[in-house]
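Any read-out appearing in this document is the output of simple, stated calculations on the displayed coordinates, not a laboratory observation. What you see is a predicted model; the values in this text were computed from it and never measured. Neighbour counts run over all protein chains shown; Cβ positions are idealised from the backbone, glycine included.
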Amino acid sequence: MVPVVRLAELPGLAAELAERVRAGGFRADVVVYIETGARLLAHEVGRELGVEIVPMWVSRGGSGLKQKVAPLVAKTPVWLRDGLRRLEEWSGVHRHTRRRAALAHGVELAGKRVLLLDDAADTGRTIGVARELVKREGGAGEVKVAVLAATTPAGRAAVDFFVLEKNSRMPWSSDSDERVETERRAEELRPKYAPRDF
């Protein structure tokens with residue numbers, strides 16, 4: 001079975017991730033998180049570390065089929081959702097999609113120590129694109145990467161800190177039975193600005 005992360009577990013997991021960052025000797029000046037999957041996690045980690053959080057956006061190319069069928073998949077039995085999740089992971093479809101990234105307008109990262117945060121790292125490509133943008137356009141000093149789940153060897157190689165090692169059903173996953181409540185909470189924390197086409 002695919003491990004399930006419950007919404008109620010998020011504060012504890014965020015505290016564990018923040019502790020791993022501190023134990024690794026990294027003192028972040030700011031957390032830059034990838035919308036939208038890391039939004040709730042970022043608020044928890046930022047609070048734990050006592051630093052500002054700033055959103056960024058990374059989009060993958062593709063048809064958007066997963067998003068379109070998500071409401072139907074969420075109603076299927078857990079064994080089928082687990083199978084579809086394993087099929088997606090096995091196929092490696094995410095290795096072949098292009099990514100675009102954007103920082104929030106007016107963000108100043110010059111010389112700052114940035115903790116780049118996402119919910120999961122599978123191929124490491126999203127993290128790579130995000131890290132490059134934070135360093136190139138943001139002018140960040142030192143950048144370390146933290147994710148809740150690093151699900152593959154490539155994902156683990158792309159990050160500095162993580163808590164979970166398996167592909168997990170997060171509360172915000174399209175096939176989570178907590179998605180409605182998670183979206184409600186996340187909406188309350190929605191950033192005021194989002195770049196076009198994201």
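The gain in end-to-end length when the residue 110 to residue 132 segment is fully stretched comes to 6.5 nm, 0.36 nm per residue minus the alpha carbon separation.
In the range 118-198, the convex hull through the Cα atoms has an average projected area of 6.6 nm², a quarter of its surface area. Working from label points 7 Å from Cα in the Cα-to-Cβ sense, the residue 183 to residue 154 distance is 2.9 nm. Highest mean first, the peptides 146-155, 184-193, 114-123 sorted by other C-beta atoms within 10 Å per residue fall in the order 114-123, 146-155, 184-193. Summing Lys and Arg as +1 and Asp and Glu as -1 over all other residues whose Cβ lies under 13 Å from the Cβ of residue 75 gives a net charge of 0. Once both labels are positioned 7 Å from their Cα atoms along Cα-to-Cβ, the gap between residue 19 and residue 47 label points is 1.7 nm. Here residue 75 is the anchor, and the aspartates and glutamates within straight C-alpha reach of less than 16 Å, apart from those fewer than 8 places off in the same chain, are 175, 177, 178, 181. Taking other C-beta atoms within 10 Å as the exposure proxy, 13, 87 rank 87, 13 from fewest upward. Rounded to 0.05, the FRET efficiency of the residue 99 and residue 192 pair, given R0 = 22 Å and the Cβ-Cβ distance, is 0.40. Highest-first packing order for the peptide set 28-39, 134-145 is 28-39, 134-145, based on the mean count of other beta carbon atoms within 10 Å.
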